[in-house]
Every structure is written in C-alpha cells, then in structure tokens.
1. Name the helices (runs of 4 or more DSSP H) wholly within segment 81-169 that hold at least 2 residues that are crowded, with 18+ Cβ neighbours inside 10 Å and more than 15 Å from the chain's Cα centre (by Cα)?
2. Which of the residues belonging to segment 224-273 are without any contact (Cβ under 8 Å) to a residue 12 or more places away in the chain and in a helix (DSSP H, G or I)?
3. Kindly check whether there is at least one residue in segment 113-133 that is within 14 Å of Thr197 (Cβ to Cβ) and among the hydroxyl-bearing types (Ser, Thr, Tyr).
4. Is it the case that Arg202 is part of a helix (DSSP H, G or I), surrounded by fewer than 22 Cβ atoms within 10 Å (Cβ to Cβ), assigned by TED's automatic domain parsing to the domain that holds Gly282 and at pLDDT 95 or above?
5. Which condition breaks for Glu325 when tested against (1) of a type outside the set (S, T, N, Q); (2) without any contact (Cβ under 8 Å) to a residue 24 or more places away in the chain; (3) closer than 12 Å to Ser166 by Cα?
6. Filter segment 65-122 for residues that are acidic (Asp, Glu) and either outside the structural domain of Arg142 (by TED's automatic domain parsing) or within 30 Å of Val286 (Cα to Cα) (or both); which is modelled with the lowest pLDDT?
7. Just name the residue that is surrounded by the fewest Cβ atoms within 10 Å (Cβ to Cβ) out of those in segment 278-327 that are among the polar types (S, T, N, Q) and in a loop (DSSP other than H, G, I, E, B).
8. Quick check: is even one residue across segment 117-134 farther than 17 Å from Asn78 by Cα and touching a Cys at 6+ places or on another chain (Cβ under 7 Å)?
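The values are calculated or read from the model by the stated rules, or taken from the named source; none is laboratory data. None of the values given here were measured: they were computed from a predicted structure. Positions of Cβ are backbone-derived with ideal geometry, glycine not excepted, and every protein chain shown enters the neighbour counts.
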Amino acid sequence: MQKVKRTTIKDVALRAGTSIATVSYVLNNSKNRYITAEMRKAVEDAARELGYVKSAVASGLKGKGMGVIAFLTPQFDNHFFLDVFFAIEKVANSKGYVLSVCNTFDDPVYEKIVIERMQQLWVDAYVIIPTHKGTENTEYIRAHNIPYVAVERPLDGLDGYNFISSDNFQASYDMTTHFINKGHKRIALVYWDTPITNLYERLDGYRQAMLDNNLPFDEDLVKVTLGITHDDGVRVTKEILEDESITAIFYSQYILAEGGIKFLHKSKIAVPEQISVGVLGGPKWVEMSEKSIAHMLQPGAAVGNKAAGIIFAELEGLQCRNIQEKLVSELNAGNSIKDLN
C-alpha cells in the first residue's frame, strides 16, 4: 500500500502563488502584517482544496499547547476507569482540550512505550492509572515538569506527587461489615494478589472488619488468584463451594465476580438462597436482573473531576504538588445477601 503524502504548508504556498511566510500569516490569522483580501482568499482556498491540516506538533515546538491530554489506563473495559475518563473528558472539552486514551494492558513494558510515544507528540499533560512499574516509567514526565496526576494506583516509593483514588480499605471494610450485619460469619474473600500495592488495602479492610466484629480472621477464607480473568473467577468459585461452611462470597474485583456469578447461574446455584454474594465495584450488570447484586459503587466521576481539577490548575499556571486524596465508595445493598439473623 502506497503511503499517503501529507499536504504541507509549502504545497499551499505553491498553489496560492505566494511565500510560505505569507501562508503562515494567513492561516495563523496574524495581525502583524498586512495581507490583501485577494491574497488571503487565495491562501484559504488553496488550503481548503488541498485538505491542509495545521500541524499540532509544529505548534507545540513553537511553545503553544498541543491541546491534548494523554489518558493511560491498564484496562480499557474497566467500568470504573471509564467513569474516570468520561468525567475528565467532559472538563477537558469545556476547556478546549481533547483526551488521547491509551490502553496499556497492565503491561509495564508497553506502558513505557506509550509514554515515550506521547512525549514525541508533545502532549500537554498526563492522567495515568499506572502499572506496578509506573514510578520508573514516569521519570521523564517528572524530570521535564510536565503536569500529571496518578489515579487509583499509587506510584510506589515516590513522595510529593498528585494522587487521587477511591478508598479501597473503606470499600472492603464496609462490604464485609454488611455481610456480618446480615448474620454471616464464614465469608470467603476472592482476592487478586498483585504487585499493585494499594489493592492490598482490600484484604486489610476485610481482615479489620472481621476482627472489629469479634470474628476470627481465617486465612483459609481468603481465596487468592494471581490472574484477573473470568476463568480465574470460575476456578476460585468452584473451590469455595467445596466448603459447605461458607455462606457468602465477597468478590473484591468485579472481573472475577463476573466469571464467578455467571458460573453460579449456569450451575443453577441460587443467589442468595444457597450462597450470598457481594462485589467491590459497580458494573452495570450488577443491577440488570431480578437479583440485584450487593456492591460497593466506586466514585469514578468524583475521582475524575478531582484529577481534572489538578491537571487544569497546573496547565493554568498554579502549582499543585502532593495533593493526595481517597474518596469513599457507596454501599448498594441489593438483594443478593441472605439474612441469617
């Protein structure tokens, strides 16, 4: 396939029969030089006929903003991350910016490549949901004082950076407490073991809720998965069902929950009559059937708005450093937890 040649400012100048400088003055609507109406029209007509598009990179090299914010997400189909994206996009659009969204697939090597490509495009700022190598991969951004904010996942070992997230400890603590208030004592926790450090707070929240309610923390009830796929959710759910003393399953990650709950449905295991279920996260499917699934709804829009506030304050010349905030999730009780009291 033959590579398409881009129309340049030189092409426009040749078509209009004038100099490159004159074309630049016209297309940038410069007031520093008089240009006749006829010449202005000739340049504009030539640009339109040739399909000339002004180079944003060239503008960036001249010190003007690109008008682009890079949004890096490790899971593009994660509903919570999408809520964050849409909130930031709304603010960005109102200020004349666009978001360039990139899926890093939770791959640190690819995350570094994406950041390098964004650097070459001279983007104005970054919103990053980092991989576990995010601290290392964002060194260039900090070295060149490019505005950025980390969202939901921390940059480990780094001080004085901007970080907005949901409160993983609170979400896990509140859901576990909800199970306990319904009379459940043997609650299995489906837990994704990952190097992302603040996700450990979900295990900590579960453990603390058990202890605060005078229930022993039983490590055998913590069902660890190293993967984060539907199949992992199915596998661990099957394992849980082998222990008849367990009355409830708390999925601390919604993708694992999706696999596990689909398995329960296909196996005709009734929720909550035979097993109670709760989820950390609020994908749309938790409320799309008669059995509304109990869940902790994470504050995606609020996180996105906070992150956007930080980015645009920086872009407008204000110094925002070390703004770190955790936002609470909301309990939606649903009807997937049997009352054993």
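1. 108-120
2. Arg235, His265, Lys266
3. Yes, segment 113-133 contains a residue that is within 14 Å of Thr197 (Cβ to Cβ) and among the hydroxyl-bearing types (Ser, Thr, Tyr).
4. So Arg202 fails the test.
5. With (1) of a type outside the set (S, T, N, Q); (2) without any contact (Cβ under 8 Å) to a residue 24 or more places away in the chain; (3) closer than 12 Å to Ser166 by Cα applied to Glu325, the lone miss is (2).
6. Across segment 65-122, the extreme among qualifying residues is Asp77.
7. Applying the filter and picking the extreme gives Gln319.
8. Checking segment 117-134: not a single residue is farther than 17 Å from Asn78 by Cα and touching a Cys at 6+ places or on another chain (Cβ under 7 Å).
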